[in-house]
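Chemist: The structure that follows is given in the form of structure tokens.
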Amino acid sequence: DVVSVDLWTSAQERQLLARQAGVSDRVLALQGDIARGLARGIPAFDAIFVMQAFHSFGARRGMLEYLARLLKPGGRIVIGQTCFRGEPGTIPDALREDDGWNTEYARYHSPDWWRALFLQGDRYAVDHCAEIPDGDIFWEDHVIYCGDRAGWSEDFMAQHGWIIRHVDRSRTDEPRLTHFILSAVKLAP
């Protein structure tokens, strides 16, 4: 059984997708922000999977403790996330241009930084944390996918040219944009 929590994709849309896949009786879709907590009464999870969102809330004070409370002992948390290859120190001016879309680079960290955060205290054992091979190319793939869908229109280029410049810059300059995966197991109390 799956509990799906998302702030931006509606619960109705995700429940419809589950129905189309024939698993709607096994999916509970909730609209919300995990950082604000889940409703009481939801049983502990065997696993938590977070894709492309952990940078938004994962380093908030108390968040790793809260997620540990949601997991059964021995439960696993897995994160797939955009990141910087190494800790940037400061965000270069060239990465501050974003045409109004909040890139949240100030919340991006390196895989080593995330590993260290998970290892603080005695909540988790990290069994994998690494940059995804060709994780930098995922950025390029995303730009190509979006550009192809938009027909590389003038409007697309005007609104999204900044991300193309960021990806191009990241090929040679620090900090380098990439992706990582972290897997950790909740330790028994």
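Chemist: From the C-alpha gyration tensor of the stretch 72-147, pull out the three semi-axes of the equivalent ellipsoid (sqrt of 5λ each), sorted largest to smallest, in whole Å.
Modeler: Square roots of five times the eigenvalues give 27, 16, 12 Å.
Chemist: Now for a separate question. If you count only protein heavy atoms with a 1.4 Å probe, what accessible area per residue comes out for the chain, rounded to a whole Å²?
Modeler: Roughly 60 Å² per residue, with all protein chains present.
Chemist: About the Cα centre of the stretch 58-133, how large is the charge dipole given +1 on each Lys and Arg Cβ and -1 on each Asp and Glu Cβ? Please answer in debye to the nearest 20.
Modeler: Using Cβ point charges on Lys, Arg, Asp and Glu, the stretch 58-133 gives about 520 debye.
Chemist: Under a 5 Å amide H to amide H cut-off, with H placed in plane at 1.01 Å, what residues pair with PHE45 once short-range neighbours are removed?
Modeler: HN-HN under 5 Å from PHE45: LEU71, LYS72.
Chemist: As a test of reading the structure, rank TYR66, TYR145, TYR124 by solvent-accessible area (1.4 Å probe, protein chains only), most first.
Modeler: TYR145, TYR66, TYR124
Chemist: Is the chain best put as rounded, prolate or oblate by its Cα gyration tensor, with a ≥ b ≥ c the root eigenvalues, rounded for a/c under 1.5, and otherwise prolate when a/b is larger than b/c, oblate when not?
Modeler: Cα axes put the chain in the oblate bin.
Chemist: Further, regarding this structure: Does the stretch 12-122 classify as rounded, prolate or oblate by the C-alpha gyration tensor (a ≥ b ≥ c root eigenvalues; a/c under 1.5 gives rounded; else a/b over b/c gives prolate, otherwise oblate)?
Modeler: Oblate, since a/c reaches 1.5 and b/c is not below a/b.
Chemist: When the helix-only estimate is applied to the chain (DSSP H runs of n ≥ 4, each -39,500 (n - 2.57), divided by the residue count), what is the mean residue ellipticity at 222 nm, nearest 500 deg cm²/dmol?
Modeler: After summing the helix terms and dividing by the residues of the chain, the value is -10000 deg cm²/dmol.
Chemist: Using a simple charge model, +1 on the beta-carbon of Lys and Arg, -1 on the beta-carbon of Asp and Glu, nothing else, what dipole does the stretch 88-189 show about its Cα centre, in debye to the nearest 20?
Modeler: Roughly 460 debye, rounded to the nearest 20.
Chemist: Considering only the other residues whose Cβ falls under 14 Å of the Cβ of PRO73, what net charge follows from Lys and Arg at +1 and Asp and Glu at -1?
Modeler: Net local charge, PRO73 excluded: +3.
Chemist: Okay, moving on. Percent of Cα-Cα pairs more than 12 Å apart in the stretch 27-76, please.
Modeler: Counting every Cα pair in the stretch 27-76, those more than 12 Å apart make up 69 percent.
Chemist: Same structure, new question: Quick check on packing: order 70-79, 174-183 by the mean number of other C-beta atoms within 10 Å, highest mean leading.
Modeler: 174-183, 70-79
Chemist: A follow-up question, please. Taking +1 at the Cβ of each Lys and Arg and -1 at the Cβ of each Asp and Glu, which of ALA44, HIS55, VAL2 sits farthest along the dipole of the chain towards its positive end, judged by Cα position relative to the Cα centre?
Modeler: Selected residue: ALA44.
Chemist: Continuing with this model, one more query. Dipole magnitude of the chain about its Cα centre, charges +1 at Lys/Arg Cβ and -1 at Asp/Glu Cβ only, in debye to the nearest 20?
Modeler: The calculation lands at about 1020 debye.
Chemist: If you count, for each residue, the other Cβ atoms within 10 Å and average over each peptide, how do 49-62, 109-122 line up from highest to lowest?
Modeler: 109-122, 49-62
Chemist: For the chain, which whole-number percentage of the solvent-accessible area (1.4 Å probe, protein heavy atoms only) is attributable to carbon and sulfur atoms?
Modeler: 53 percent
Chemist: For the stretch 1-52 and the stretch 152-189, write down the distance between their C-alpha centroids in whole Å.
Modeler: Cα centres, the stretch 1-52 to the stretch 152-189: 25 Å.
The values are calculated or read from the model by the stated rules, or taken from the named source; none is laboratory data. Treat the numbers as computed from the prediction; the structure is a model and nothing was measured. We place every Cβ from the backbone using ideal geometry, glycine too, and count neighbours over all the protein chains shown. To get the accessible areas, we keep the full protein, side chains included, count just its heavy atoms, and leave off ligands, DNA and RNA. Shrake-Rupley method; radii C 1.70, N 1.55, O 1.52, S 1.80 Å.
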